[in-house]
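Working notes, structure below.
Computed from the coordinates by the stated procedures, all read-outs in this text should not be read as laboratory data. In this text the structure is predicted, and so the values were computed from the model without any measurement. A quick note on method: Cβ atoms are made from the backbone with ideal geometry, for glycine too, and the neighbour counts reach across all protein chains shown.
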Amino acid sequence: MEKRTFALLNDKKRTMGALGNHILVEFMRCDPHVLNDVSSIERDMVEAARKAGATVINSTFHHFSPYGVSGVVVIEESHLAIHTWPEYGYAAVDLFTCGEMDAWISFDFLKEAFRSDSYSAIEMKRGSKNLLKRIDFDISSSRQKADEWVNPGMYTRNVWFTDKDEFQALSLRYTGEVYHDVTTAYQRVRILESPKYGKFLALDDMVMTTENDEFHYHEMISHPAIFAHGNVKNVLVIGGGDGGTVREVLRHSGIEKVTMVEIDGEVIKACKQHLPDIAAAFDDPRLELIVGDGISFAEQATHSSYDLIIVDGSDPVGPAEGLFSVGFYNNCYKALKPDGILVAQGESPKFNEAAFTDLHDTIEGLFGKGNAYVSLFYVPTYPTGMWSFQVGTKASATDFGHIDAAEVEAFVQAKGLKYYNSSIHTASLALPNFVRQLLQRK
Ligand code: SAM
C-alpha cells in the first residue's frame, strides 16, 4: 500500500481567507468493473457527499461505451466530480467544497468504494480573499431569484445509458435504479428504468427492449409473417429471451406449437421478474422453452419441420455473432417446411450497415432473389430508430406483401395491437431509394 502524498498549497493565515477548498484526488489500482458501473459510481459519489454532511442538489452521470464514466454531484457546498478510466483502474476525482464541510470524509468513503489500492491527493485553497476584492452589486434581483428557488429536498438524478458505435449513439436517461445486474457466461444482463420508456432490458451496453416501445418490435417480428403465410402451426423462435416475440406469436389461436431456444436463462429470469407484461406468455402450454444455443439447435433441427422460424437475436457480437452466419441460416432454411418463412432481426441500414447488407445477401443467396424481403420499422430506443426484419420465403409462390387486409384489421382490433396493421404491413416493405441502392450495391 503506497503512502498518501499530500501537497498543501496554503498556509494557516491564508487558509482562513479562502472561499473554497479543493482536493484533487488520483485513485489508482481501483476495481475496473466498479469504475465502469455508472449506477454504482453515481450512488457512491452522492453517498460520499452525504457522509461529509453535504446537501445534494443534483447528480448528472454519463456512461461512455465501451467504458468510462463521467459525472458531477452538485451540492449546496459546491460539487464533487469524477472521470474514470476503467482500462487503467484509474479515477480522477475533484472534491470542491466551501463552508465547514470536511471533504476528506468523502475521500475516505470513495477510496473504499472504488477499492483503490494506491492514491494521491492534493489539497488547495481556492479563491484566496487576499487576492479577491468583494464587489457590491445589487443582489436584490439575485436574492429574488434565490428566494424563488426552493431546494427540492430530494435531488434530481441525471444518469445516462449510452448504446453506441464509433460514429453515433443513443442515450437514455435512467433513474439510476438497478433492478437486475448479473453478468453471465454470455453477457451482462441488466434491468434499468427510464422515466420516459419505463423499465428496460440491457444486454452489455445495448438496449434490448423497453416497456414503452417493445410492441413496435414484437408486433412487427411476428404478425406480418403469420398473415403472409396464412396457415402457421409450428414455430421456432431463436433468442427472444424477453418473451415479447412468443407472446405475440401465441396470440394466434391457430398456432399449435412454439419452440423457443434462448441461450441465456438469466435473461428469461430477469424479464419474468421485472418485465412481466413482456414475459407474459411463458406459461402457455403450447410453448416449449429450451435454454440452449440456437445455432447448434438449428444444426440438429429436423428438416422441413417448421412453418415459421423467427431469429430474435441481439446484435452480431458475443453469443449472437453466429446468428448472422451463412451456416446458421442454411440450417434454418433446411428446417423450414417447403412453404415456410424465416424472419430475422436484421439490424439497421443506418446502424451496423455491414451486418444489414450481409444478412440480406445471405437470405437472398439461400431463398432466391425474389424471395428475400426487408421490412423497415421504427423503434425509438434503438440507435437511429430505423430498424429492420429480414425475411425469406421458401416457396416462390409466397408473396410476403400479400395479406387479407380485412382479416388483419379484425385481428388488430380484437387484440388491440398498437403498431401493426394492414397498411403498415405494406408500407414496411416499401424501401427508401438509399436502402434499395445499399442492397443492390454489389
Ligand atoms: N430486440 C433485441 C434486439 O433487436 O437486439 C433482441 C432481444 S432478445 C432479448 C435477444 C436474445 O438473443 C437475448 O436474450 C440473447 O441472450 C439471445 N441470444 C443471443 N445469442 C443467442 C444464441 N446463439 N442462441 C440463442 N439465443 C441467443
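A few comments on the model shown:
- Take every Cα pair under 8 Å whose residues are at least 6 apart in sequence, average their separation, divide by the length of the chain, and the relative contact order is 12 percent.
- In the chain, the inverse of the mean reciprocal separation of distinct Cα atoms equals 24.8 Å; this is its Kirkwood hydrodynamic radius.
- Converting phi to 3J(HN,Hα) with the Karplus coefficients 6.51, -1.76 and 1.60 and the offset θ = phi - 60°, segment 362-371 yields 4, 5, 5, x, 7, 9, x, 3, x, 10 Hz in sequence order, with x at every glycine or proline.
- Cβ-based exposure ranking for Trp160, Trp387, in which fewest neighbours within 10 Å come first: Trp160, Trp387
- In degrees, nearest ten, helix 38-51 long axis to first principal axis of the chain (Cα): 20
- Relative to the current alpha-carbon distance between Ser253 and Ser304, full extension at 0.36 nm per residue lengthens the span by 16.1 nm.
- Of the residues Tyr197, Val258, Leu132, the one whose Cα sits farthest towards the positive end of the charge dipole of the chain is Leu132 (charges of +1 on Lys and Arg Cβ, -1 on Asp and Glu Cβ, taken about the Cα centre).
- Net charge of neighbours whose Cβ lies under 13 Å from the Cβ of Phe282, counting Lys and Arg as +1 and Asp and Glu as -1: -2
- Taking the longest Cα principal axis of the chain as reference, the axis of helix 265-274 is set at about 70 degrees.
- Helix 103-113 and the long axis of the chain differ in direction by around 30°, with both axes built from C-alpha atoms.
- Each Lys or Arg adds one and each Asp or Glu subtracts one; over the other residues with Cβ under 12 Å from the Cβ of Leu376, this totals +1.
- Total formal charge among the other residues, if their Cβ is under 15 angstrom from that of Ala225, Lys/Arg +1 and Asp/Glu -1: -4
- Helix-only [θ]222 nm of the chain, DSSP H runs n ≥ 4, -39500 (n - 2.57) each, per residue, nearest 500: -8500 deg cm²/dmol
- Of the residues Thr55, Thr245, the one with the fewest other Cβ atoms within 10 Å heads the list, and the complete ranking is Thr55, Thr245.
- Rounded to whole Å, sorted largest first: equivalent-ellipsoid semi-axes of segment 176-248, Cα gyration tensor: 28, 15, 8
- When both bridge partners sit in the chain, DSSP labels roughly 70% of those beta bridges antiparallel.
- Quotient of Cα Rg and 2.2 N^0.38 Å for segment 226-275, N being how many residues it contains: 1.23
- The ranking of Leu131, Leu275, Leu376, Leu24 by Cβ neighbour count inside 10 Å, starting from the fewest, reads Leu131, Leu24, Leu376, Leu275.
- Subset of Lys233/Lys394; Lys257/Lys415; Lys334/Lys418; Lys257/Lys334; Lys199/Lys418; Lys196/Lys418 violating a 24 Å alpha-carbon distance limit: Lys334/Lys418
- Gap separating the Cα centres of segment 79-135 and segment 375-442, nearest whole Å: 54
- Only aspartates and glutamates eight or more places from Lys272 in sequence, or on another chain, were considered; those with a Cα closer than 12 Å are Asp242, Asp283.
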